[in-house]
Amino acid sequence: MRFLGYVLCGLLGLSASVAQAQSGFLPANSTADALITGTALGLTNGYASRYSTGIAANLFTPQVDLHAQATAQFQEESGGFFVGGASVPVAPYIKPTFLVGTSTYNQGILPELYLYGNVAFSTPPKVGVVVMPSFT
């Protein structure tokens with residue numbers, strides 16, 4: 001694919017972190033974070049420009065972590081995508097994660113069914129090593 005003219009790429013990443021729960025909004029001893037993204041790619045030579053926007057959020061508690069992500073793509077074919085899941089520690093240094101997602105009908109620009117899993121094997125904090133085999 002040849003790109004004639006200009007190519008404009010932009011990425012906005014906004015990350016917010018919420019500290020210890022004090023107002024009752026979050027469970028005790030929990031944290032949360034969120035990431036908002038947006039991209040734009042301007043094309044010429046008969047191709048439509050591409051735009052993408054998304055948000056991802058996580059809630060971390062001592063018992064379970066919750067994960068969610070939503071994305072929208074706008075180009076010749078547009079679509080939306082959502083994935084959600086959880087991580088649950090099964091031992092002090094072992095935490096599996098499982099996510100499942102789906103998208104709108106979109107002729108293949110986003111997965112119609114999305115499955116993701118991993119198991120994080122970590123060492124004590126003084127060592128600082130994490131091994132995380134995964135599947136998608």
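Which residues, taken from region 94-126, are under 22 Å from Phe60 (Cα atoms) and exposed (fewer than 11 other Cβ atoms within 10 Å of the Cβ)?
Of the residues in region 94-126, the ones under 22 Å from Phe60 (Cα atoms) are 94-101, 115-126.
The answer is Pro124, Pro125, Lys126.
So which residues in region 60-94 are closer than 18 Å to Leu26 by Cα and assigned to a loop (DSSP other than H, G, I, E, B), if there are any at all?
Passing the criteria: Thr61, Pro62, Gln63, Val64, Val88.
Out of all the residues in region 69-108, which are farther than 30 Å from Thr44 by Cα and of a type in the set (A, V, I, L, M)?
Val83, Ala86, Val88, Val90, Ala91, Ile94, Leu99, Val100 - these are the residues of region 69-108 that are farther than 30 Å from Thr44 by Cα and of a type in the set (A, V, I, L, M).
Being in contact with a strand residue (DSSP E or B) (Cβ under 9 Å, 6 or more places away or on another chain), touching a residue at least 12 places away in the same chain (Cβ under 8 Å) and not in a strand (DSSP E or B) is the filter; apply it to region 120-136 and report the residue that is farthest from His67 (Cα to Cα).
Once the filter is applied, the top-ranked residue is Thr123.
Please work out which residue is farthest from Val129 (Cα to Cα), limiting yourself to region 95-119 and to residues that are part of a strand (DSSP E or B) and of a type in the set (Phe, Trp, Tyr).
The extreme case among them is Tyr114.
Scan region 70-77 and give yes if some residue there is among the hydrophobic types (A, V, I, L, M, F, W, C) and loosely packed, with under 13 Cβ neighbours inside 10 Å, otherwise no.
no
Can you name the residue in region 9-43 that is within 18 Å of Ser78 (Cα to Cα) and assigned to a loop (DSSP other than H, G, I, E, B) and is also modelled with the highest pLDDT among such residues?
Gly42
Please work out which one of (1) more than 14 Å from the chain's Cα centre (by Cα); (2) aliphatic (A, V, I, L, M); (3) surrounded by 13 or more Cβ atoms within 10 Å (Cβ to Cβ) is the condition Val129 fails and give its number.
Answer for Val129: the failing condition is (3).
The values are calculated or read from the model by the stated rules, or taken from the named source; none is laboratory data. None of these values were measured; they are calculated from a predicted model. Please note: Cβ atoms are built from the backbone with ideal geometry, for glycine as well, and neighbour counts cover all protein chains shown.
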